[in-house]
Structure formats: C-alpha cells, structure tokens
Amino acid sequence: MGCGRTGAALASEFESRGHSVAIIDRAGDAFRRLPSEFQGQKITGIGFDRDTLISAGVEDAYGFAAVSSGDNSNILAARVVRETYGVENVIARISDSGRAEVYRRLGIPTVAPVPWTSAQIVSRLLPGGKEETFADSNAGVSVRRLALSRAWVGRKVTEIEAASGTRIAYLVRFGKALLPDPSTVIQSDDEAHFVVPEESANTAERVVSKAPGVEK
C-alpha cells in the first residue's frame, strides 16, 4: 500500500525476485513511479478498504507492506490485513518513533525512518559515532557499528567480544566485508559491526572505545 518512492521501489524489487505483486494507491497518477516493465496489479483505492484489499488479492497474500505517507492509514491497513485476513507477514512504516514502538509491542512490526536516518547522519558527521543498522526489539538485540579505540589494533576479535559482552558480526576492511573467525586480528582502520544485546549496549560502547583493561 502506497506508491510513493518507497512503495514503487519495493514493488519493483519484489517483482524482480519472481513474486506476484499488487500495489495500492488512492491516487491513480502515483503509478507513474513504477518502471515501465512492471507487470503487477495497480489498484486505485484506499488501502484499508476491504473491497480494495480483496481486489489486490489479500486473501491469498504472503505479505503486506503499508508504506503510504500517513501513519494512521498504514497502521490501520496493517491491522486489517493481519486481523481480518490472517496475513502474518505485515509491516507498517510509521514516522512517529514513539507510536512505532507502541505498535511493535502490539505485535505489528514497524519501521520508523526518522530516528534511523538521524542516527545515520550523526554517525557519519561526528567522530567516534555509533550506527545501528538492524534492531530486533522483540528479541532485544541489534547490529551496530561501534568506534574502536586504536588500542585494540593487534588484538584478536575474541578479546573484544569477551570484554564487551558482544559478538563481532563483520569487519569492513579496505572497503570489503570480512567475516571474522577466532584467529582474526583487528587492523588499523577496520570498521567493526557488533551484535549487541540491549542490556549490554552502553557497556559495549564504553569498552570498545577505550584501551583493553580500562575500567568500564
């Protein structure tokens, strides 16, 4: 639901992976954003209207993404699709991060783009920044880039993991991803992305930003 830039990009991506796609928008001219080769259904209507959803094939749908410009419309559509039609794989884009958290607790997966975008900008503008690239709030874990103290150069990744209570998911070295093993040693200018339990987040950030052995 929603054929803005995000919706059009998602529809095109899903179709390119071999899926049948239907996209809904209340404005018929919104479909101009789709590529000319798009073969899916283009449904003009309100995304939480039952007749519109049935026309789009909701009764046989595997997943539903509500990415219109309206928070209320997105969450209402997501709830209708899940609760009325039993579609398990639903997600709603919610600009208000506070409301997004509430809906997550109610079982509706949400994406809140404003805090994510802000965090990305801050992490790139300020030295020693941190960057969260993935978060599973239900499981209480995230993947985030943390700034390493240069004092960790020459140390094994297992030493950092033990000290910080995390796991290093991958390193970016010379612009390429590297999956570390227990023998991997940190090199100068490595960028480290950690799997961080929620309860360890603050401690992990402090530990990796200081020399080994420095008090937390």
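No lab work stands behind these numbers, since they all come straight from the coordinates. Keep in mind that what you see is a predicted model, and the values were worked out from it rather than measured. All Cβ positions, glycine included, derive from the backbone under ideal geometry; neighbour counts span all protein chains shown.
When all alpha carbon pairs of region 23-70 are counted in 5 Å bins from zero, the resulting P(r) reads 4, 20, 31, 27, 15, 2 %. Can you tell me the 0 to 90 degree angle between the C-alpha axis of helix 71-85 and the longest principal axis of the chain, rounded to 10? Once rounded, one gets 70 degrees. For the chain, the mean residue ellipticity at 222 nm estimated from helices alone is -9500 deg cm²/dmol, where every DSSP H run of n ≥ 4 contributes -39500 (n - 2.57) and the total is divided by all residues, rounded to the nearest 500. Computed from label points 7 Å out along Cα-Cβ, the spacing between Q41 and Y85 is 0.7 nm. Using the Cβ-Cβ distance between E101 and S16 with R0 = 41 Å, the FRET efficiency computed as 1/(1 + (r/R0)^6) comes to roughly 0.80.
Of F134, F194, F174, the residue with the greatest mean-square motion in the GNM of the chain, using alpha carbon springs below 10 Å, is F174. In this label model, V214 and D60 are separated by 6.1 nm, measuring between points 7 Å along each Cα→Cβ vector. The count of lysine pairs in the chain that are at least 8 places apart or cross chains, and whose C-alpha atoms lie under 24 Å apart, stands at 7. Look at the alpha carbon pairs under 8 Å that are at least 6 residues apart: their mean separation over the length of the chain gives a relative contact order of 12 percent. In the calculated pair-distance distribution of region 5-111, the portion above 23 angstrom amounts to 22 percent of the Cα-Cα pairs. The dipole here belongs to the chain: it is taken about the Cα centre, uses +1 on the Cβ of Lys and Arg and -1 on the Cβ of Asp and Glu, and is about 560 debye.
Under the simplified labelling scheme, the V195-E159 pair shows an inter-label distance of 2.3 nm, with each label point 7 Å from Cα along Cα→Cβ.
Highest mobility in the GNM of the chain, judged by mean-square fluctuation with C-alpha springs under 10 Å and restricted to A177, A56, A169, is found for A177. For the chain, give the share of DSSP beta bridges that are antiparallel, in percent and rounded to the nearest 5; count only bridges with both residues there. Taking every DSSP beta bridge within the chain, about 65 percent pair in antiparallel fashion. Diffusion of the chain by Stokes-Einstein, at 4 °C in a medium of 1.567 mPa s and with Rh set to the Kirkwood radius over alpha-carbon pairs, works out to 66 µm²/s.
Helix 5-16 and the longest principal axis of the Cα set of the chain meet at an angle near 90°.
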